[in-house]
Amino acid sequence: EVVLPSHGPLFGDFAGRIDEILAHHEARNGEIFRLLEARGPLTAFEVAAGVFGELPPENFIHALRETRAHLIHLHSERRLETASDGFELWWATA
């Protein structure tokens, strides 16, 4: 009946919150895919900067981790390709 999150206020609509999170992640996946489709190949750092813009370093590291998780997910869905030659690059599949 009541959700006790690790941060933020208590709330009651658990199923609704799950739907919000899933919609947010799908929107972010689309944003990342479109960025790579338009500008790729890019590093995870470049993608994070393109999505989140300028952030303080202590916040950007979290944005970079979130971005990399989305990149890995999109790659697992075969929507992105990746290669590494000293650093990792990502691009949209054709």
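At full extension, residue 7 and residue 25 could sit 4.6 nm farther apart than now, given 0.36 nm per residue minus the alpha carbon distance. Heavy atoms of the protein chains alone define the surface here; on that basis the chain has 69 Å² accessible area per residue at 1.4 Å probe size.
Which GluC sites (Glu not before Pro) in the chain sit in a loop by DSSP (not H, G, I, E or B) and have at most 11 other Cβ atoms within 10 Å of their own Cβ? Display every interim value, and only then the final one.
Working: sites: 1, 20, 26, 31, 37, 46, 54, 58, 66, 77, 81, 88; in loops: 1, 54, 77.
Counting only loop positions with at most 11 other Cβ atoms within 10 Å, the GluC sites (Glu not before Pro) in the chain are 1, 54, 77.
Can you tell me how much longer the chain between residue 62 and residue 83 gets when fully stretched, taken as 0.36 nm per residue apart minus their C-alpha distance, in nm with one decimal? Write out the running numbers ahead of the final one.
Details: separation 21, 0.36 × 21 = 7.56 nm, distance 2.28 nm.
Length gained, residue 62 through residue 83: 5.3 nm.
For the stretch 16-94, trypsin sites (Lys or Arg not before Pro) are listed when DSSP marks them as loop and at most 12 other Cβ atoms sit within 10 Å of their Cβ; the list is 78. For the chain, chymotrypsin sites (Phe, Trp or Tyr not before Pro) meeting the loop criterion (DSSP other than H, G, I, E, B) and having at most 16 other Cβ atoms within 10 Å: 87. Karplus-based coupling profile of the stretch 55-64, in residue order and whole Hz: 10, x, x, 5, 8, 5, 4, 5, 4, 5, with θ = phi - 60° in 6.51 cos²θ - 1.76 cosθ + 1.60 and x standing for Gly or Pro. Between residue 93 and 80, 81, the built amide H atoms are under 5 Å apart, and every one of these is 5 or more places off in sequence or on another chain. To put it simply, the accessible area of the chain at a 1.4 Å probe is 57 percent carbon and sulfur. Rounded to the nearest whole angstrom, the semi-axes of the ellipsoid equivalent to the chain, taken from the Cα gyration tensor as √(5λ), stand at 29, 16, 11, largest first.
For the chain, the mean residue ellipticity at 222 nm estimated from helices alone is -20000 deg cm²/dmol, where every DSSP H run of n ≥ 4 contributes -39500 (n - 2.57) and the total is divided by all residues, rounded to the nearest 500. Note that the stretch 9-15 has calculated 3J(HN,Hα) couplings of x, 5, 8, x, 8, 4, 4 Hz, one per residue in order, obtained from phi through the Karplus relation 6.51 cos²θ - 1.76 cosθ + 1.60 (θ = phi - 60°); glycine and proline are x. Comparing 44, 23, 63 in a Gaussian network model of the chain where C-alpha atoms under 10 Å apart are linked, the largest mean-square fluctuation is found at 23.
The values are calculated or read from the model by the stated rules, or taken from the named source; none is laboratory data. On a predicted model such as this, the values are computed, not experimentally measured, just so you know. Because the Cβ atoms are built from the backbone with ideal geometry, glycine has one as well, and the counts that use them run over all protein chains shown. Surface areas here come from the heavy atoms of the whole protein model, side chains and all, with no ligands, DNA or RNA. Shrake-Rupley method; radii C 1.70, N 1.55, O 1.52, S 1.80 Å.
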